[in-house]
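Right, one structure below, let's go through it.
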Amino acid sequence: MKASCLLAHFHFPTFKFQQIWKFEAIEERITWDFFQAEFRKKYISQRFIDQKRKEFLELKQGRLSITEYEREFVRLSQYARECVSTEATMCKRFIEGLNEDINFWLEYLI
């Protein structure tokens, strides 16, 4: 029920999406990841995704609080999943983006 409301809200071309939906439903249960992938393919340009991936790769804490940095890191990481495919690489990239003084103490503690 939630999916049909969401689909109506985004004004999907009903016929085409129903074909995709039914085809995938036969093979396996539809997941949120599947829905996001199909949505991105149809409605989000590759240029936009590339720009967000670049923002993620260049992200540093700077003047952000750790909470703000973490929020932005998580938000942008969805566009660069291949760069943070494991929890270990995600943690490493997060720590590398922290300010030097925080980064120093974390590396010392770890």
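The values are calculated or read from the model by the stated rules, or taken from the named source; none is laboratory data. If you're wondering where the values come from, they're calculated on a predicted model, not measured in any experiment. FYI the Cβ positions are ideal-geometry reconstructions off the backbone, even for glycines, and counts take in every protein chain you see.
From Lys22, Lys60, grab the single residue that is modelled with pLDDT of 95 or more and either outside any helix (DSSP H, G or I) or over 30 Å from Phe104 (Cα atoms) (or both).
Residue meeting the stated conditions: Lys60.
Could you please give the count of residues in the range 97-110 that are surrounded by 13 or more Cβ atoms within 10 Å (Cβ to Cβ) and at pLDDT 90 or above?
Qualifying residue count for the region: 3.
Please specify each residue of the range 65-96 satisfying the condition of being surrounded by 12 or more Cβ atoms within 10 Å (Cβ to Cβ) and not in a helix (DSSP H, G or I).
Passing the criteria: Gln78, Tyr79, Ala80.
Taking only pairs six or more apart or across chains, which ones have beta-carbon atoms under 7 Å, a first residue in the range 44-64 that is within 15 Å of Asn103 (Cβ to Cβ), and a second residue that is acidic (Asp, Glu)?
Sorted first by the residue in the range 44-64, then by its partner, the pairs are Leu59/Glu72; Leu64/Glu72.
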